[in-house]
1. Could you run through the range B:56-68 and say how many residues are closer than 20 Å to A:Ala142 by Cβ and not in a loop (DSSP other than H, G, I, E, B)?
2. Does A:Ile99 fit the bill of being in contact with a Cys (Cβ under 9 Å, 6 or more places away or on another chain), under 20 Å from A:Thr12 (Cβ atoms) and either among the β-branched types (Val, Ile, Thr) or assigned to a loop (DSSP other than H, G, I, E, B) (or both)?
3. Please determine whether any residue of the range A:27-43 is free of Cβ contacts under 8 Å to residues at least 60 places away in the same chain, charged (D, E, K, R) and in a strand (DSSP E or B).
4. Would you check if A:Lys121 is part of a helix (DSSP H, G or I) and either within 17 Å of B:Ser79 (Cβ to Cβ) or facing chain B (nearest Cβ under 10 Å) (or both)?
5. All but one of (1) over 16 Å from A:Val97 (Cβ atoms); (2) touching a residue at least 24 places away in the same chain (Cβ under 8 Å); (3) part of a loop (DSSP other than H, G, I, E, B); (4) aliphatic (A, V, I, L, M) hold for A:Ala14; state the number of the condition that does not hold.
6. I'm told A:Pro146 meets every condition in (1) more than 25 Å from B:Phe8 (Cα to Cα); (2) assigned to a loop (DSSP other than H, G, I, E, B) except one. Can you identify the failing condition by its number?
7. Looking at B:Pro42, B:Pro25, B:Pro68, which one is more than 10 Å from chain A (Cβ to nearest Cβ), exposed (fewer than 14 other Cβ atoms within 10 Å of the Cβ) and modelled with pLDDT under 95?
Amino acid sequence: MTDPAGPAFLVTAARLDTAAVAAAVAHPGCGAVATFVGLVRDSNLGRRVLWLEYEAYAPLAERTFEGIAEEAAARWASARLAIHHRTGRLEIGEASVAIAAASPHRAEAFAACRYAIERVKQIAPIWKHEHVEGGDVWIEGATADPADAAARNLAFERACS
Amino acid sequence: MLVTVRLFARLRELAGASEIAREVPEGATAHALWTDLAREFPGFAGYERSISCAVNEEYAPLATVLQPGDDVAFLPPVSGG
């Protein structure tokens, strides 16, 4: 029998299924599931965005998601995380990332969910190629370094603010 | 010894390839391999201080000494989410 919950950590070219992300973490002891869905926006830094293309180093990205979940579990012992990220061409309004955090109580679920998206942006080996009116540009944010304690602490502070 | 280089996003475009087979001397570090690539692909120079490295699908320091057959990825600053 296949696992009805599906994978907790996934990089996929298929449309994201936010219900499946939540189902991957729900369990009888959890009283709260917090979810975050990142969408493709129609503008960035004053540029009109036509579409985005995401590229990922998929095996490392999925391992990185698992590592983020382990970090979150070390902070919020009862929190369980699922992280799915899409690749390929995405149109305005489509979901690029979906995160679910389950916990017995809402405070830990919200915090772990926020922590996860901050860490995805810091260390997941994924790149956004922005197609705008008149051209295209690779977006380059953080130098990915999972061992950087300052970045980890910043994500933790944001999660708890 | 032979290693495989993987490049992503703008680095992939600058090199015109996502995967390159490369001969490196015994004892070479990932950083030495990067320096060698940067000589071949001038656009790489601007990434000297901002790249990350992964060896065999795990993040690894640039000081990592490479082994025959290693799979070495160079990652420009990330922008997922």
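1. The total comes to 2.
2. Values: in contact with a Cys (Cβ under 9 Å, 6 or more places away or on another chain): yes; under 20 Å from A:Thr12 (Cβ atoms): yes; either among the β-branched types (Val, Ile, Thr) or assigned to a loop (DSSP other than H, G, I, E, B) (or both): yes.
So A:Ile99 fits the description; yes.
3. Just the residues of the range A:27-43 that are free of Cβ contacts under 8 Å to residues at least 60 places away in the same chain, to begin with: A:28, A:39-43.
Then drop every residue that is not charged (D, E, K, R), which leaves A:41-42.
Those left that are additionally in a strand (DSSP E or B): none.
For the range A:27-43, residues free of Cβ contacts under 8 Å to residues at least 60 places away in the same chain, charged (D, E, K, R) and in a strand (DSSP E or B): absent.
4. Working: part of a helix (DSSP H, G or I): yes; either within 17 Å of B:Ser79 (Cβ to Cβ) or facing chain B (nearest Cβ under 10 Å) (or both): yes.
Yes.
5. All conditions are met except number (1).
6. (1)
7. One residue alone meets the criteria, B:Pro42.
The values are calculated or read from the model by the stated rules, or taken from the named source; none is laboratory data. Keep in mind the model is a prediction, meaning the values are calculated, not measured. We place every Cβ from the backbone using ideal geometry, glycine too, and count neighbours over all the protein chains shown.
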